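Participant: The structure under discussion is supplied below as structure tokens; questions concerning it will follow.
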Amino acid sequence: MNVLVGYATAHGSTRGIAERLAAGLREAGLTAEARSVETVDDVSGYDAFVLGSAVHGQTWLDPAKDFVRAHADVLGTRPVWLFSVGMPAALRGPWKRMADKEIPVIVASLPGDPAYREHRLFSGVVAREQLPATGRVLFHLVGGRFGDYRDWAAVDAWAAAIAAELAHR
């Protein structure tokens, strides 16, 4: 089973999650590689896909959406999992509780109606220098905290679950 863990990243935390997912799939005995979707031309050699993107404005980055659009015919015939990387763990109070409501908005923003097994929203890295001055002020006003919020145990568990599902195909 050859799996593409394709990603679009803005500052690198989505790439880190994709690489960890691919490593977990390989540890389970699958052939898996993490690649930026911008470097993938031919998807015909992959048996399954785990696709993810950083989320900006409650939507995937354009390269990830373009990839889904360009390869919809193949993606529709193979198992697909989706993941998004945002900042729910960096938020507090009511903003943090609203994070789960973001998932349907993210998925609805994808082109077409992609068939997928599961979607996960992971937290990424939120660094001060990633935001403009106004963004830093707004982030602070809503109780945001800068830092690395990637939950590696959750990423590893999801990779193991995907591998187990693929093993039963």
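Participant: How large is the accessible surface of ASP47 in square angstrom, using a 1.4 angstrom probe and rounding to the nearest 10?
Facilitator: Probe radius 1.4 Å; accessible area of ASP47 about 70 Å².
Participant: Let me ask something additional. Given H placed 1.01 Å from N in the peptide plane, which residues other than close sequence neighbours of ARG35 have an amide H under 5 Å from its amide H?
Facilitator: For ARG35, whose amide H was placed from the backbone, the distant partners under 5 Å are VAL5, GLY6, TYR7.
Participant: In addition: Return a whole-number percent for the relative contact order of segment 84-169, with Cα pairs under 8 Å and 6 or more residues apart as the contact set.
Facilitator: Relative contact order for segment 84-169 comes out at 38 percent.
Participant: Please compute the per residue accessible area over segment 45-164 with all protein chains in place, 1.4 Å probe, rounded to a whole number of Å².
Facilitator: Per residue, segment 45-164 has 50 Å² of solvent-accessible surface.
Participant: Only residues of segment 61-77 count here: report those whose backbone N is under 19 Å from the spot 7 Å along Cα→Cβ of ARG117, or say none.
Facilitator: The answer is 68, 72-77.
Participant: Ratio of alpha-carbon Rg to the 2.2 N^0.38 Å globular estimate for segment 42-164, to two decimals, please.
Facilitator: Ratio of Cα Rg to 2.2 N^0.38 Å: 1.15.
Participant: What share of the DSSP beta bridges in segment 11-169 is antiparallel, in percent to the nearest 5?
Facilitator: 25
Participant: Mind giving me the nanometre distance, one decimal, between the label points for SER36 and ALA157, set 7 Å out from Cα along Cα→Cβ?
Facilitator: In this crude label model, SER36 to ALA157 measures out at 3.2 nm.
Participant: Around GLU165, with a cut-off of 14 angstrom between Cβ atoms, what is the net charge of the other residues, counting Lys and Arg +1 and Asp and Glu -1?
Facilitator: The answer is +2.
Participant: Sort 67-77, 134-144 by the packing proxy (mean of other Cβ within 10 Å over each peptide's residues), most packed first.
Facilitator: Highest to lowest by the protection proxy: 67-77, 134-144.
Participant: Okay, moving on. Roll a 1.4 angstrom probe over the protein heavy atoms and tell me the percent of accessible area of the chain that is carbon or sulfur.
Facilitator: 52
The values are calculated or read from the model by the stated rules, or taken from the named source; none is laboratory data. Being a predicted model, the structure only gives us computed values, none of them experimental. In this analysis, Cβ positions are derived from the backbone assuming ideal geometry, glycine residues included, and neighbour counts consider all displayed protein chains. For accessibility, only protein heavy atoms count, side chains too; no ligands or nucleic acids. Shrake-Rupley method; radii C 1.70, N 1.55, O 1.52, S 1.80 Å.
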